[in-house]
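Comments concern the structure below.
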Amino acid sequence: MATSEIQVAERALQHHFADMDQQKETSTFGMWMFLLTEIMFFGGLFCAYLVYRASYYHAFVEGSQKMNIWLGGTNTAVLICSSLTMALGVRAAQMAKPKLMIVLLLITILFGFGFLGIKAVEYHEHWVNHEFPGPNFHFETGDPAHPPTDPVHTEIYFSLYWAMTGLHALHMIIGVGLVAWIVIVGARGAFTPEYYNPVENVGLYWHFVDLVWIYLFPLLYLISKKHGG
Amino acid sequence: MYVLIWAILMVGTAITVFAATIELGVFNIVLALLIATVKGTLVVLFFMHLRYSTKLTMVTVIASIFWLFILFSLTMTDYITRAWSTNIGH
């Protein structure tokens, strides 16, 4: 090992850890403990969804038919692609290829912006259609022969839709910020195969956000077979 | 390896969208959640490296799933057994 690499490793090891392995294990464990609280945090919303869906199924079906499956499906694909580039980026850091890591993480950021852009288009569509809960909420099925059966409870569907996807989008924005931070710090040569814990942990965060969407997509967009356009 | 997982996840997404167009009654949601869980498991095991993690990390993840299950099941045992006294569910 060259002298400069030893210095990097010594700088990276905090004094309260015995060695780099213990430090890495502790860091991963800590990140998972945080993700555990995140799972329970989103879990509360999923639980509310479960209760109201069981109670007002038809109102939820009518609400979900307003979702654009193609935009939602595209966004699912965009997130899965971003998870791939993220995973490859973490591996590049592990294999001492900082430039490759930066390129892969920049692509991840682009996918992140792509997701948020598509989400913004969807939000705009719902907003102009008065599908935002509150005093201006107004729900039409779009088919005069079948007026909404239960618009009051469809409003609950939209409350959950905005809350769950909104919280998810907030996590995406934070995730893009974190990946950008890794790119900046990584460009200064902060990470080595011995020390890349921040890259690993931001990767865990990014995959977790992808994981939440994997459940949100079928639950919010695909409740019933009748999709329309 | 990562590319293979990515391909399975993409195919899984296509299957989910397709499965939603078939009328299966109550099994639509079961199938959707099953596919989502398979996809989620792949993400956690491979992208999040759980397969190569320490036992402590594995226990943490299993604990989170267990606690989530408690949250859902205890809440639902309340709500779904109220049907005989209120109109919930109808």
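Computed quantities for the displayed model
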read-out	value
For residues of B:36-49, the mean tally of beta carbons on other chains within 10 Å	6
For segment B:64-78, 3J(HN,Hα) per residue [Karplus equation, 6.51 cos²θ - 1.76 cosθ + 1.60, θ = phi - 60°, Hz, x = Gly/Pro]	5, 5, 4, 5, 4, 5, 4, 4, 5, 5, 5, 5, 6, 4, 5
Alpha carbon centroid spacing (whole Å) that separates segment A:132-194 from segment A:37-90	9
Accessible surface of segment A:105-202 [probe 1.4 Å, protein heavy atoms]: carbon and sulfur percent	71
A:S64 accessible area, assembled protein chains, probe 1.4 Å, Å²	10
Heavy atoms of A:F111 accessible to a 1.4 Å probe, total area in Å² rounded to 10	60
Heavy-atom accessible area ranking, 1.4 Å probe, most first, across B:R51, A:R188, B:R82	A:R188, B:R51, B:R82
Restraint check, A:K24/A:K99; A:K24/B:K55; A:K99/B:K55; A:K24/A:K119, Cα-Cα greater than 26 Å	A:K99/B:K55; A:K24/A:K119
Heavy-atom SASA rank of B:L56, A:L71 (probe 1.4 Å, accessible area, largest first)	B:L56, A:L71
Size of the A/B contact, given as accessible area buried on both chains, probe 1.4 Å, in Å²	3700
Residue-normalised accessible area of the protein assembly as shown, expressed per residue, 1.4 Å probe, Å²	50
Label-point separation, A:M95 to A:V128 (7 Å along Cα→Cβ), nm	4.6
For peptides A:137-144, A:179-186, sequence by mean Cβ density within 10 Å, most packed first	A:179-186, A:137-144
For residues of A:20-31, the mean tally of beta carbons on other chains within 10 Å	2
Peptide A:196-209, shielding by other chains (average Cβ, 10 Å cutoff)	2
Tensor-based shape of chain B (alpha-carbon gyration tensor, a/c under 1.5 rounded, otherwise prolate or oblate)	oblate
Solvent-accessible ranking of A:Y205, B:Y79, largest area first, probe 1.4 Å	B:Y79, A:Y205
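The values are calculated or read from the model by the stated rules, or taken from the named source; none is laboratory data. All values derive from a computational prediction rather than experimental measurement. Cβ: placed from backbone, ideal geometry, glycine included. Neighbour counts: every protein chain shown. These accessible areas exclude ligands, DNA and RNA; they are computed on the full protein's heavy atoms, side chains included. Shrake-Rupley method; radii C 1.70, N 1.55, O 1.52, S 1.80 Å.
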